[in-house]
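*Asks:* Quick one: this structure, given as structure tokens, is what I'll be asking you about.
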Amino acid sequence: MADKIFRINMTTLSTTVEDIPPAWAGHGGRGLTSTIVAAEVPPTCHPLGPNNKLVIAPGLLSGTPAANSGRLSIGAKSPLTGTIKESNAGGTAAQLLARCGCKAIILEGCPAGDSWYNLAVNPDGVTINIESDLAGKGNFELINTLANRLSSKQGIITIGLAGEMKMTAANISIKDPDGHLRSAGRGGLGAVMGSKRVKFISIDPKDGKVAIADPEKFKAANKIFSKALVDHPVSQGLGQYGTNVLVNIINESGGLPTRNFTAGQFAGHDKISGETMYDKIMERGGKPKHGCHPGCVIQCSQIYNDINKNYKTSGFEYESIWAMGADCGVDNLDHIAEADSLMDDLGLDTIETSVAMGVAMEAGVLAFGDGAGICRILKDEVGKGTGLGRIIGGGAASVGRAFGVTRVPVVKNQAIPAYDPRSIKGMGITYATSTQGADHTMGYSVATNILKVGGSVDPLSKVGQVELSRNLQIATAAIDSTGMCLFIAFAALDDTTCLPALIDMINARFGINLTGDDVVNLGKYILKTEKAFNEAAGFTKADDRLPEFFNYEPLPPHNVVWDFTGEEIDSFWNF
Amino acid sequence: MNITVRLFAFFREGRFVEEVRVYPEKTTVTGVINDLGINIDAVGVTMICFRQCALDTELREGDQLGIFPMIGGG
């Protein structure tokens, strides 16, 4: 059976199952969400109005046995940035949607009235149901309740209270194999789902399976691909320390944004590092390794227990720990874990919300280092939708505007993540030129600036940074279309067997003959499609700039500023 | 000369987090790595005073040397 488009119109409360237009057939993941958003969403529409559409797409390899192929892409016009947006996450939903024969879900329109709804997806299509029990509930209660209502193997895509309140830092969460959550964090997509009044989507593939055109070729390629991932030395550190292994190396390089981007090193770095986190996990009976989807061979997630050895959080990521830690001056890992759990329950992007807290600290709302205060504000203000809570839930730029702060680390209104662009200049180019606001995952120049993966480019020099970011952003857009976790990129950059094996798997899945050049061209097409949407929405190259304070505030310890000219930044688009 | 050596990730196991160690003049980064019994092939990044350095760089009195295995994340 050919894959279909599952369309849900929330204005008319009707659903259809449609054939895939030929122009969309070769796409998956981000390539498909951006193609559909560009084709069907008026670029000037209000992101929370009836003309925006939430598009949910598995990748080209989702639902196959391919290692690390569990990422789900979610796209729309972002209410945070006003640009096109794709945010992806692990969990089981991508694999299960693919097994439903679903190429993409298109969620459009807005219902009249105050009812909340759930959507039930299976291979026959989608049904829309009134949801009276779980509206107003947090993500954890929702997952626990659905564990009794649905079979445990069903996938769940959900929003928390932040999404219901249409906060622009709201994320969309996806259930993992153990009932914990992964999140499509960036860009406020939870608010778009909330604007459609859909509380959750369940996915039941029944006995659906993904067909593979050439199973033997697929199996052989997957073996080579998996071996490349497992053998790469970065995978070892990721399995032991999680992504939080980065705290110490980014601190050592002087690029760890600290106390709202006023320093590049944090005195408490070791207390919040991956090494310390590993020791606490082992002392408290947690698990250092945990996969967010079946088939992951890297296992960078973990189970982090509290001091009483009770489960506290999982998927405890470097970006989240940096943002609540160094950026807010907090060196207590348990406060950070509590805040991480609260944000998962409320359905908030941990980067956006925590950077917003850092700006609020600068404004004097609470003191730098006050981890308990962050937790209190999350519970009593953000969770209850008070005025202050809605300002913080609106993200870092929202806090800056409300309190008259000039040091506001955002690009296109989206918070800058865990690498200071003054001392890791390749990341600054990615933040400035990304089609989606500041986002490290769009083109991870840190790999080559700091980690010496894929070669070495001096992080403090401007030389080579534009070309590096361009190549990475093109490659990333293509990888984001496959359903693959981005961490395959470390092996892909260093191991010459990795990318050809990935392309072989795509070819074996569909019975086609893509080449490496086709994949590069796919990445270029995606970036240009996204840029064209943004231009039609009113964005210009003047928006591809970092905040002014980076130009005049030298960052210790290297005491460097952001020194790219506009012309140099704009040369990114010369392809 | 006195060199402050900082180790990270699994390089700390059975060794230390940070130590001031005494080495002869002209000791290189490789010399320190060998002295500590670290497999040079496992080394990903070395930094002297927060700047990346080559393995054959000669250390100077008071330098702070960070030694990392090949790691990644993000």
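*Asks:* Of A:Lys85, A:Lys175, which has the most accessible area and how do the rest follow, probe 1.4 Å?
*Replies:* Numbers: A:Lys85 0, A:Lys175 25 Å².
So, going from the largest accessible area down, we get A:Lys175, A:Lys85.
*Asks:* Tell me, what is a quarter of the convex hull surface for the C-alpha atoms of the range A:375-443, in nm² with one decimal? Can you show the working numbers first?
*Replies:* Working: hull surface 21.3 nm².
Reported value for the Cα convex hull: 5.3 nm².
*Asks:* Sticking with this structure for a sec: Probe radius 1.4 Å, ligands and nucleic acids ignored: give me the carbon and sulfur share of the accessible area of chain B as a rounded percent.
*Replies:* 48 percent
*Asks:* If I model a spin label as a point 7 Å beyond the Cα along the Cα-Cβ vector, how far apart are those points for A:Ser151 and A:Thr386 in nm?
*Replies:* 4.6 nm
*Asks:* Two decimals is fine: what is log10 I(q)/I(0) at q = 0.06, 0.07, 0.12 Å⁻¹ for chain A, from a Debye sum with one equal scatterer on every Cα and no solvent?
*Replies:* Relative scattering, expressed as log10 I(q)/I(0), comes to -0.25, -0.35, -1.16.
*Asks:* What are the ³J(HN,Hα) couplings of the range A:195-206, residue after residue, when phi is run through the Karplus curve with 6.51, -1.76, 1.60 and θ = phi - 60°? Round to Hz, x for glycine and proline.
*Replies:* 5, 8, 6, 9, 7, 7, 10, 9, 10, 10, x, 6
*Asks:* Under Stokes-Einstein, with the Kirkwood radius over Cα pairs standing in for Rh, what whole-number D in µm²/s applies to the range B:2-69 at 10 °C and 1.306 mPa s?
*Replies:* It diffuses with D of about 136 µm²/s by this estimate.
*Asks:* Averaged across the residues of B:63-71, what count of C-beta atoms belonging to other chains lies within 10 Å of each residue's C-beta?
*Replies:* Counting other chains' Cβ atoms within 10 Å and averaging over B:63-71 gives 6.
*Asks:* In addition: Which of A:Ser253, A:Pro215, A:Leu486 sits closest to the plus end of the dipole of the protein assembly as shown, meaning its Cα is farthest towards the positive end, when Lys and Arg get +1 and Asp and Glu get -1 on the C-beta?
*Replies:* The residue sitting most towards the positive pole is A:Pro215.
*Asks:* Turning to a different aspect of this structure: Restricting to Cα atoms and excluding each atom paired with itself, what does the Kirkwood estimate give for the range A:367-411 in Å? Each step should come with its number before you reach the end.
*Replies:* Numbers: mean 1/r = 0.0906 Å⁻¹.
Radius from the Kirkwood sum: 11.0 Å.
*Asks:* For the interface of chains A and B, what total accessible area is buried with a 1.4 Å probe, rounded to the nearest 100 Å²?
*Replies:* 2300 Å²
*Asks:* Something else about it: Using each residue's phi in the range A:113-128, evaluate 6.51 cos²θ - 1.76 cosθ + 1.60 at θ = phi - 60° and report the 3J(HN,Hα) Karplus result to the nearest Hz, with x for Gly and Pro.
*Replies:* Coupling constants for the range A:113-128: x, 9, 6, 9, 10, 10, 10, 10, 9, 9, x, 7, x, 10, 10, 9 Hz.
*Asks:* Shape verdict for the range A:449-552, please, from the Cα gyration tensor: rounded (a/c under 1.5), prolate (a/b greater than b/c) or oblate.
*Replies:* Verdict is oblate for the range A:449-552.
*Asks:* Put one equal scatterer on each alpha carbon of the range A:291-398, apply the Debye formula with no solvent term, and list log10 I(q)/I(0) at q = 0.24 1/Å to two decimals.
*Replies:* -1.32
*Asks:* Sticking with this one: Specify which residue in the list B:Ile48, A:Gly437, B:Thr4 is farthest towards the positive end of the charge dipole of the protein assembly as shown, using unit charges on the beta carbon of Lys, Arg (+1) and Asp, Glu (-1), about the Cα centre.
*Replies:* A:Gly437
*Asks:* If you place +1 on the Cβ of every Lys and Arg, -1 on the Cβ of every Asp and Glu, and leave all else neutral, what size is the dipole of the range A:352-490 about its Cα centre, to the nearest 20 Debye?
*Replies:* 160 debye
*Asks:* Okay, next question. So with the 1.4 Å probe, I'd like the accessible area per residue for the protein assembly as shown, rounded to whole Å².
*Replies:* 34 Å²
*Asks:* Placing unit charges on C-beta atoms (Lys and Arg positive, Asp and Glu negative, everything else neutral), compute the dipole magnitude of chain A about its Cα centre in debye, rounded to 20.
*Replies:* Values: 51 positive and 60 negative charges, 200 e Å.
With Lys and Arg at +1 and Asp and Glu at -1, about 960 debye.
*Asks:* For the range A:4-203, go through all pairs of different Cα atoms, get the mean of 1/r, take its inverse, and jot down that Kirkwood value in Å.
*Replies:* It is 16.2 Å.
*Asks:* Using only Cα atoms, locate the centre of the range A:258-332 and the centre of the range A:452-479, then give the distance between them in Å, rounded to an integer.
*Replies:* 27 Å
*Asks:* Now for a different question. Counting only helical runs of four or more DSSP H residues, what would the 222 nm mean residue ellipticity of chain A come to if each run contributes -39,500 (n - 2.57) and the total is spread over all its residues?
*Replies:* Value at 222 nm, helices only, nearest 500: -11000 deg cm²/dmol.
*Asks:* Right, another one. Using a basic spin-label model with each label point 7 Å from the Cα along Cα→Cβ, how many nm lie between B:Leu36 and A:Glu216?
*Replies:* 5.1 nm
*Asks:* Taking a 1.4 Å probe, which of A:Glu216, A:Glu338 shows the most accessible area, and what order do the others take after it?
*Replies:* A:Glu216, A:Glu338
*Asks:* So if I restrict to the alpha-carbon atoms in the range A:336-423, what is the Rg, and what is Dmax, the biggest pairwise distance, in Å?
*Replies:* Cα-based Rg and Dmax for the range A:336-423 come out at 12.1, 38 Å.
*Asks:* Ok, one more. Between A:Tyr311 and B:Glu13, what FRET efficiency follows from the Cβ-Cβ distance if R0 is 25 Å, with the result rounded to 0.05?
*Replies:* Efficiency at R0 = 25 Å is approximately 0.40.
*Asks:* Right, another one. Determine the alpha carbon to alpha carbon distance for each of A:Lys309/A:Lys452; A:Lys53/A:Lys531; A:Lys53/A:Lys166; A:Lys289/A:Lys452; A:Lys4/A:Lys175 and list only those over 26 Å.
*Replies:* A:Lys309/A:Lys452
*Asks:* Only residues of the range A:544-558 count here: report those whose backbone N is under 16 Å from the spot 7 Å along Cα→Cβ of B:Cys49, or say none.
*Replies:* Counting backbone N atoms under 16 Å from the label point, the list is A:556-558.
The values are calculated or read from the model by the stated rules, or taken from the named source; none is laboratory data. This structure is a prediction, so every number in the text was calculated from the model and none was measured. Positions of Cβ are generated from backbone atoms using ideal geometry, with glycine treated the same way; all protein chains shown enter the neighbour counts. For accessibility, only protein heavy atoms count, side chains too; no ligands or nucleic acids. Shrake-Rupley method; radii C 1.70, N 1.55, O 1.52, S 1.80 Å.
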